[in-house]
1. On a 1.4 Å probe surface of the protein chains, which of C:LYS61, B:LYS252, B:LYS76 comes out largest in accessible area, and what is the full order?
2. The range A:71-134: which chymotrypsin sites (Phe, Trp or Tyr not before Pro) are DSSP loop and have at most 13 other beta-carbon atoms within 10 angstrom?
3. Assign unit charges at the C-beta atoms only (+1 for Lys and Arg, -1 for Asp and Glu), then state the dipole size of the protein assembly as shown relative to its Cα centre in Debye, rounded to the nearest 20.
4. Considering only DSSP beta bridges whose two residues both sit in the range B:15-240, what percent are antiparallel, to the nearest 5?
5. Could you tell me the relative contact order of the range C:32-111? Use alpha-carbon pairs under 8 Å, at least six residues apart, and round to a whole percent.
6. Whenever you get a sec, compute what percent of the accessible area on chain C sits on carbon and sulfur atoms (1.4 Å probe).
7. Restricting to DSSP loop positions (anything but H, G, I, E, B) with no more than 15 other Cβ atoms inside 10 Å of their own Cβ, which trypsin sites (Lys or Arg not before Pro) remain in the range A:1-102?
8. For the protein assembly as shown, what are the per-bin percents of Cα-Cα distances with bins 10 Å wide, up to the bin holding the maximum?
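The values are calculated or read from the model by the stated rules, or taken from the named source; none is laboratory data. Note that the structure is predicted; figures quoted are calculated from it, not measured. Every residue, glycine among them, receives a Cβ derived from its backbone with ideal geometry; neighbour counts consider all protein chains shown. In case anyone asks, the SASA skips ligands and DNA or RNA and just uses the protein heavy atoms, side chains included. Shrake-Rupley method; radii C 1.70, N 1.55, O 1.52, S 1.80 Å.
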Amino acid sequence: MNRSRRIKLQVFRITVFVVLGAFFLVPVGAMFEFSTRGNSINAPRTLEAWTQIATTPGLGDAIVASLELAAITSILMLVLVLPTMVWVRLRLPRISRIVEFICLMPLTVPAIALVVGVKPIFIWISNFTDSILVLSLGYVILVLPYSYRALDAGLSAIDLKTLSEAARSLGAGWGTVMWRVVVPNMPSAILNACLLSVALVLGEYTFANLMNYENLQVAIAYVGLTSAGTSIAVAVASLIFAFALLLILSFVRRPRTGVAAADPVELDLSKPLALSGAVYGRVGNR
Amino acid sequence: MTTDGRATPRAGVEVRLENLTRKYATTTALDRLTLTLAPGELVALLGPSGCGKTTALRLLAGLEQADSGHVVIAGKDVTNVPANRRNIGMVFQAYSLFPHMSARQNVEFGMQLQHVGAAERRERAREVLDLVGLGPHMDKFAHQLSGGQQQRVALARALAIKPKVLLLDEPLSALDAKVRARLRDEIRRVQLEVGITTLFVTHDQEEALAIADRVGVMQSGHLEQLGPPTEIYSRPATPFVAEFVGLTNRIKGDVRGGAVTVRGTRIPLVDPDVTDGPATALVRPEAVSLASNGEMEDGPLVGTVIAVAFLGAMSRVTVDLGDTIVLAQMATSAASDTPAGTKVRLALRPDPVLIQREEPAATAP
Amino acid sequence: MSAAARPLEGGRRLSLSWIGAVPFFLYVGVFLLLPTAIIVGGSLLTPGGTLSLANFDGIDKPYMFKAFASSIAISSVSAVVGAFVGALLAYAVVTGKPDGILRRSVMSAAGVLAQFGGVTLTFAFIATIGTVGFVYVFLQQHGIDIYPNGHVWLYDLPGLTLIYMYFQIPLMVLVFAPALDGIRPQWREATDSLGGGTWHYWRYIAGPLLFPSFLGCTLLLFANAFSAYATASALLTQGGVILPLQIQALLTSETGSSQPGYAKALALAMIVIVLVVMALYTLLQRRTAHWLR
């Protein structure tokens, strides 16, 4: 690329990053600013709103509830989806399209529409328990597409069939195959699926609000009516928490260099390619 | 070949690279490279990756700019002319076809940019696609063509704009061996037919030797040797060329009076003006012959065959001499007398050889 | 899926295989397929069990029409603008170092922000350009009033559209960056060597190659905005402005609703619209799949 073209490109990139950086960072900064305001315009900065998080009634419970929901949803999702995906790949490959279709279905059914159909079921469930944790039953459905994709990527990267056949020829049962062979071979995909689930559950509002449960987001909205500073402080905290989770995730997602080496022919041919390959940087997005 | 308007061999133009230097952040990719391509000549630049051959080609194409030096095409200095005004045809390693266009649309695209009329465009596209043997497939898209066919289309596309120079950047390296050999000959045929001055970059010595009028062997940004294929192979100018092109045995010897004595055999030197002392002689496998009949007394050239590699008409025999291993190449019929395990005596043909000193410093008196 | 379809396996083996998938199908049956069936059945069947469109009767009321129109308007505007801006950002990202820190942080930030929405996001904009917001106050001190005539459009559809940009742009970056990555540098160089300049490259090569994907991504953004509920619920005090808020109103005041099938009918309408849009999106993505591999 010649120099003037490169300079033009750099100017374009810097402009885009500065303008959009401002658009995305200023609101977050403004939340910080807002959450540290005193009672009047000229009052000194104070962390009062932040310290009130602990004492605001209902808020603590909602935070704990949302964290519990996140954990339960992740575990439930893993227990339900991962063995099924492994089983389908190994024993029922012909229904894999159906499973995929079902798992991706929530992408085309908006949560606000799904809740209309789910609500009667939850009203029935509330005959047995009034715990908020039952929400995780619905959240598993909401996280299904994301966790399916993450786990599918992980499973595609390992030679599941050979690994499980090797394990079974050594005398392992299905449980052992899952625990000792599948899970240890795709830690990043599993972590990926869990982190996505956690992020989604912590931000969930639709189900909880319309089925009258008080999770974190509902509580923030509720507290916001009386004490804007505190609810914004919680909002900032939850945002930073989610960002940290997904930042971890992006580092877990590092490209696997070992996979290409499995095929010596391709490796040989792609040697000169590897140089130009770096230019268009396909990191392995499937 | 002058049956119609197109096939009139275009008189190729002279191309000169003068003192081209290109530095990257940490490395010098090209160090004062000077190279002249005669009109209509095909020069292959050969070398390991990172030797600067691709940089040379990209500077000639105008895709990169030199830090210093000049590019002269047909007597005109084009050093500062951007790539899109140099009128150069280029074939890339792979994946360069526009995927949303059929083969014919790809070929017509360059002519479209030159404002060639639709009728002529269509006709010329058909001609060049016929020339590369792809006439029947001209309405297919890249993903419907094999790798070899894609590269033929790329060649047709490059030629369709009637370029002054044709540049081929490892055009065969992404193909499998069989297709590679066939397409290589095809490229040469087309190049001769069109008569265009061509620079061909490759890391494959067989390819370079087979296709080029002259081969330039490059290392670390400069030309090690430039000459016809036979000369490059049989009279390598430097140890690097000797080792990079073809197989070479490295056998320790002793230089005395303009010849080197290797395991009791005296072999003349390519360059007799060297000081005496120990050195490594570079001996081609085909200069090594072997005999298995008669008494095998232990001697410096007696050893055991440890492997015989069948290469078709020729075979390569690996012989263990105890302290070193030597490759010998011969007709397969000769090699069949000496299966692995046979005790053999080697003979070294007294062709002039190159030598290499262990330590460059050791050559200084 | 009958036993005859798998002649190589004995019946006993086959039934064993199915058992492994049963828990999953039971679960999604109860929490995904049954709710869907409730929506479809509840909206298309009368209490007596006959097929009828009676539940859709309310949809032609003027306020419903307005809610539909508003939903489609803000979804379209936020999708088109978001797609353009997001594509610019994606281009700025992919032209950097492939594995650089900048690319990595922008992509993970996009991952978070595309999921971001609802209450938190609403508060962020209220804290920014609300009437006591940081930026609003700052601009006002410098003589710029972003709410001339006292109309605080933040709490109205324009405000909602602006807030949607905050997750639409990142989503565009996420879905469009792979298409840009599929553009090979050789195509630019080939254009150069054939005598074309920047304009020719974008007009004839990169543009046509990227356009189907761009269009598809815009549709995805549309579906995304169309499905969004939480942000509007937290921002708009006035009810029923857009379709999801109509559903909310029906659900929260459901007890005495004279028409229990109405919410389901609206939900079905939403699902159908999103389904059509997503199908188009998939179609367009598939079209370019072998181009931008």
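1. The ranking, largest first, comes out as B:LYS252, B:LYS76, C:LYS61.
2. A:PHE128
3. Using only the charged Cβ atoms, the result is roughly 1220 debye.
4. 50
5. Across the range C:32-111, relative contact order equals 11 percent.
6. It is 69 percent, rounded to a whole number.
7. Hits after loop and neighbour filter: A:ARG45.
8. 2, 9, 15, 17, 16, 14, 12, 8, 5, 2, 1, 0
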